[in-house]
Structure formats: C-alpha cells, structure tokens
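To keep things clear, I will list the structure first and then write my remarks on it.
The values are calculated or read from the model by the stated rules, or taken from the named source; none is laboratory data. Treat the numbers as computed from the prediction; the structure is a model and nothing was measured. All Cβ positions, glycine included, derive from the backbone under ideal geometry; neighbour counts span all protein chains shown. Please note that ligands, DNA and RNA were not included when accessible areas were found on the heavy atoms of the full protein model with its side chains. Shrake-Rupley method; radii C 1.70, N 1.55, O 1.52, S 1.80 Å.
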Amino acid sequence: MKVHISGFGPFGKEKTNPTARLIEDLDSYRIDGASLQLHLLPVTVQGIHDYAKLLYEESLDDEILVIAFGLAGGRKGMAIERVAINCFDFSIPDNDGKKLIDTPIVPGGPDAYFSGLPIKRIQAFWQRTGIAGYVSNTAGTYLCNGLFYLLRHYTRASGARGGFIHVPYTGDIITDSSEPTMSYADVLSAAKMAIEVAIQYPDDEVLPGGAIC
C-alpha cells in the first residue's frame with residue numbers, strides 16, 4: 001500500500017510549521033507492508049489542487065491511503081477532522097496572495113465529504129496512550145479544509161481512504177504563553193500512531209466522540 005502523508009510550510013504570521021517538521025522526521029519512518037510517500041505542500045490554492053490531481057492519478061493504479069496534516073493554532077490537542085465542506089472563505093491570503101471569499105472549492109461538487117479514516121479508533125488510541133486528541137467537526141475554510149475536500153473528491157471513485165488531522169502549536173515554535181501548545185514529541189508520536197491505526201483498521205469503531213456545540 002502507498003501511504004501519502006502531507007504537511008504544509010509556514011503561512012500568515014507563522015515563521016515555522018510543525019507539520020513541515022513532521023514530514024522531515026517521517027522520512028526515516030518505516031512500516032511493514034507500506035510505502036510512505038511524503039509531501040511538503042505550498043500554502044496555496046494552486047498547490048493543493050496540484051497535489052489532489054497527483055493523488056487522483058496514483059489512485060487509478062495503486063491502493064492508496066492519504067493522511068494530510070496541517071497547523072491549527074489555538075487547538076488544545078491533535079484534532080482529527082470529521083468533515084470537509086465545499087467552501088473557500090479566507091481570513092488571510094494564501095502564500096500566492098490569493099484571498100477567496102465564499103467560493104466553492106469544486107464548483108458543482110457535493111456540499112461536504114466525511115473522512116475516510118477510522119477517526120474514532122485513532123482518537124481512542126491517542127487517549128489510551130495519554131496523547132491529547134479529539135474528533136473535530138470543523139476543519140475551517142482555509143487551505144486545510146480545501147485539501148481535505150479535494151483529496152476526498154478526487155480519490156472517491158477509486159475507493160481510496162483518506163482524511164485530515166490538525167496539529168496544535170508546539171512549544172518550540174511559539175513564545176506566546178497564552179496559546180495552548182503540545183510537545184513536538186507528542187505530535188510526532190500521535191502522527192505515527194494515526195498512520196499505523198489507519199493502515200491496520202480500514203473500518204471505524206462505534207465510540208463516543210461528538211460535541212454538544
């Protein structure tokens with residue numbers, strides 16, 4: 001199985017991005033029976049569309065699993081996303097200077113796609129090992145949500161599985177003590193665990209993981 005893993009470079013006011021470091025550190029990571037394909041993506045509309053097309057082409061010939069990571073400042077732990085919506089609505093421009101407002105990601109596409117990852121299983125594994133993580137019901141309306149939507153849209157016909165995980169700030173990249181952070185070691189462990197669980201368990205488990213609001 002080919003397992004495509006992606007992260008993003010810095011964007012907005014951020015000078016670094018922990019998901020870029022993840023891609024570097026996963027280069028030496030090995031899982032029996034899986035070939036990891038690592039991608040560091042530009043924080044641009046064009047970049048995520050190009051990557052989604054690559055995934056589409058790969059899915060025509062091979063069994064693939066896709067897990068995308070992105071930074072979400074303000075999150076208190078690893079956030080595995082449940083749903084992607086068909087909407088770009090940027091509060092800041094992408095790194096090409098493009099700022100899309102109330103724009104469909106795929107004109108005429110479905111309103112939303114659900115994750116193809118075993119999100120409740122991954123959450124449960126995190127909890128058992130003491131890693132802070134939860135199921136999130138909004139991936140925002142910036143490029144993380146956009147990538148999540150596109151990877152589901154372009155690989156759905158092949159039956160490829162995939163989804164998106166948001167990563168919080170890590171203590172080594174932020175000095176504002178008011179922001180929640182997580183150790184990078186925990187982020188890396190959580191990422192590896194999510195990859196391993198997604199490979200081993202194609203189907204999800206029925207577990208509580210919702211939110212009242």
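Brief remarks follow.
- The solvent-accessible area of D96, taken with every protein chain present and a 1.4 Å probe, is close to 110 Å².
- Residues whose amide H comes within less than 5 Å of that of E205, counting only those at least five positions distant or on another chain, are K120, R121 (H built at 1.01 Å from N in the peptide plane).
- About its Cα centre, the dipole of the range 2-200 is roughly 500 debye, where the only charges are +1 on Lys and Arg Cβ and -1 on Asp and Glu Cβ.
- Placing pseudo-labels 7 Å out from each Cα toward the beta carbon at K53 and I31 gives an inter-label distance of 2.8 nm.
- Taking 0.36 nm per residue of separation and subtracting the Cα-Cα distance, full extension of the segment from L207 to K98 would add 35.3 nm.
- Candidate aspartates and glutamates for bridging to K99, where Cα separation is under 14 Å - those fewer than 8 sequence places away on the same chain excluded: D89
- Note: the chain, Cα convex hull, 124 Å³ per residue.
- Straight-distance candidates among the lysines for linking to K192, with alpha-carbon spacing under 27 Å and chain neighbours fewer than 8 residues away dropped: K2, K15, K53, K76, K120.
- If the segment from A157 to D89 were pulled out straight at 0.36 nm per residue, it would be longer than the present Cα-Cα gap by 21.8 nm.
- Exposure ranking of E24, E179 by accessible area [1.4 Å probe, largest first]: E24, E179
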